[in-house]
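The values are calculated or read from the model by the stated rules, or taken from the named source; none is laboratory data. Please read all numbers here as calculations on a predicted model, not as lab measurements. Positions of Cβ are backbone-derived with ideal geometry, glycine not excepted, and every protein chain shown enters the neighbour counts.
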Amino acid sequence: MLPFHLYARLSAFYLIYFAILGVLLPYWGPYLLTLGFSPARIGELNAIPQATKLIAPTLWGWLADRTGRRMSVIRWACLLAALTFVGVYAVGASYFGLALVMLLFSFFWNAALPQFEAVTLAHLGEQAHRYSRIRLWGSVGFIAAAVGLGYATRAWGIGIVPVVLMGLFATLWVNSLLAPASSSLATHDPSPPFAQIFRRPEVIAFFMACFFNQAAHGAYYGFFSLYLEDLGYARELVGLLWGLGVTVEVALFLILPRLLPRFGPRRLMLAALALAALRWLLIGHFAAHLPVLLFAQSLHAFSFGVFHAVSIHLIHQFFPGSSQGRGQALYSSLGFGVGNSLGSLTAGYLWMGFGPTAMFDLAAALGALAWLAAWRGLRV
């Protein structure tokens, strides 16, 4: 077991990092809407932070693996993310100005998490299956931000969103200074060539499943709040619905250390992907019915929680030693980067052309493709 002080410092980073996400995902779209942007323009702007995951994690992962100074890379990334986000107030409602600011801050912010995942797994060592006990604090941070800001925006308006984000970015940098480094990811650790690992059939199948699953999440991350407000849900309830999804995720994180050894990563991933496809169909066609929507949101525990925890576990197996940082970066780039950005971009245009239901029908189809890729090729 980790010493308490080490557990607390690692958990605090996840708490703050995902609190930022708990502000961005539910409230950045509505904030952009108040600036006068259409759903298509919002989809384009929301795709930018995902698009930077194509390059940033891989570039910073290579730097961390090459220098062996992983925590230094994380600290610089957090500092530069905080400094560049301040530009939001300088550009106002300028589309190109906001695009530039989102490009810059996300380039640094997206670099931090994959490397911190590698640091966490290095501290855990042979207890990697206990990762979810640390990661669950990220879910707690997301819940607190998503639910709390729902009430805060009701009282003070959606304009407080950039202020809250700036405070969280600054807090994340301060926390990175306190987070402990680990020496167990030294660059001289023996590992197969990175390209050789990537060419393995099970690794290719894994990344295909990641891409399709994260592309399916594009409509949810970019437009779920706008979709529910369009259906007449109050903003406080929208925040609570975001929080519900992550609350059940926390509960599942608590028991995953027992589920992984019992069922294995392949079975858990197939279950997560099947339930994810069901979730998108329910949201797309039955979101106006609150009981159905509540059930669909509870499936977030599988569509994201189980899928992500199993993915981190598999990357730890697939990419040993000095390849760990690049493995985490590739997971972020191909899944959250390529997948989320294309999913968000496509969702915006589908809403404009065919309505919001079409977004979630596409998400369900992508979820089915993710399940098929994992079923055919993922042999662990």
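Tabulated results
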item	result
Meets criteria (assigned to a helix (DSSP H, G or I) and at pLDDT below 90) for Gly367	no
Single condition Arg379 does not satisfy, out of (1) part of a helix (DSSP H, G or I); (2) in contact with a helix residue (DSSP H, G or I) (Cβ under 6 Å, 6 or more places away or on another chain); (3) surrounded by fewer than 24 Cβ atoms within 10 Å (Cβ to Cβ)	(1)
Top-ranked residue in the stretch 198-243 [being farther than 27 Å from Thr58 by Cα and of a type in the set (D, E, K, R); ranked as surrounded by the most Cβ atoms within 10 Å (Cβ to Cβ)]	Arg235
Residue check for Ser323: crowded, with 20+ Cβ neighbours inside 10 Å and either on the phi > 0 side of the Ramachandran plot or in contact with a Gly (Cβ under 8 Å, 6 or more places away or on another chain) (or both)	no
Tabulated pairs, the stretch 278-300, first in a helix (DSSP H, G or I) and surrounded by fewer than 14 Cβ atoms within 10 Å (Cβ to Cβ), second modelled with pLDDT under 95 and aliphatic (A, V, I, L, M), C-beta under 8 angstrom, 6+ apart or interchain	Leu294/Leu241; Leu294/Leu244
Which listed residue, of Ala8, Ala19, is among the small types (Gly, Ala, Ser) and surrounded by 17 or more Cβ atoms within 10 Å (Cβ to Cβ)	Ala19
Test: residue in the stretch 325-345 that is over 18 Å from Gln50 (Cα atoms), basic (Lys, Arg) and either in a helix (DSSP H, G or I) or at pLDDT 95 or above (or both)	no
Selection within the stretch 98-143 - small (Gly, Ala, Ser) and in contact with a Ser or Thr (Cβ under 7 Å, 6 or more places away or on another chain)	Ser106, Ala122, Gly125
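To keep it simple, each residue is scored yes or no on (1) closer than 28 Å to Pro193 by Cα; (2) touching a residue at least 40 places away in the same chain (Cβ under 8 Å); (3) among the basic types (Lys, Arg).
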site: Pro39; (1), (2), (3): no, yes, no
site: Leu45; (1), (2), (3): no, yes, no
site: Leu54; (1), (2), (3): yes, yes, no
site: Val73; (1), (2), (3): yes, yes, no
site: Val86; (1), (2), (3): no, yes, no
site: Phe96; (1), (2), (3): no, no, no
site: Leu100; (1), (2), (3): no, no, no
site: Leu104; (1), (2), (3): no, no, no
site: Ala111; (1), (2), (3): yes, yes, no
